[in-house]
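A quick write-up on the structure given underneath.
Values quoted throughout were computed directly from the atomic coordinates according to the rules given, and no laboratory measurement underlies them. Predicted model, so just to flag it, every value in this text is computed and none were measured. Cβ placement follows ideal geometry from the backbone for every residue including glycine, while neighbour counts extend to all protein chains displayed.
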Amino acid sequence: MEFKKQKMQLEESEEDRKLILKNVELDCIINLEDSETSDLKIFFDKIFEYVIDKEELLEFELEVSTDKVLFKNVAEDLIKQINAEIRDSEQTFSDILQFKTSIQN
């Protein structure tokens, strides 16, 4: 499967000035200052939907718009982990897409 590169923007939110990771194409925001994980689950769900709909894998690159080094390091680690999870799931995604094709025919 092909990989499509997408930007993850590290920036301060306009509403409450909290640091967030944002992906425009998936219309998703991860709040890095909140211990709640529901936004991360939503993000992974949107990655899954994207891969199944577009039939291509994603690879994220960090784009930084803040000078807060600690959160930059956290964001870099998170992006590395997300990319690793996607790479590790490549065969599973291929199997799902083959199944999808077989039931459509």
Inter-label distance, nm, simple model (7 Å from Cα along the C-beta direction), Glu2/Arg17:
4.4 nm
Among the DSSP beta bridges whose two residues both lie in region 1-97, what percent are antiparallel, rounded to the nearest 5?
50 percent
If a paramagnetic tag sat 7 Å from the Cα of Asp95 along the Cα-Cβ line, which residues of region 38-54 would have the backbone N under 15 Å from that point?
none
Percentage relative contact order, the chain, counting C-alpha pairs under 8 Å, at least six apart:
29 percent
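Tell me which DSSP H helices of the chain clear both cut-offs, 27 Å or more of axial length from alpha-carbon atoms and a mean Kyte-Doolittle hydropathy of at least -1.0.
69-88
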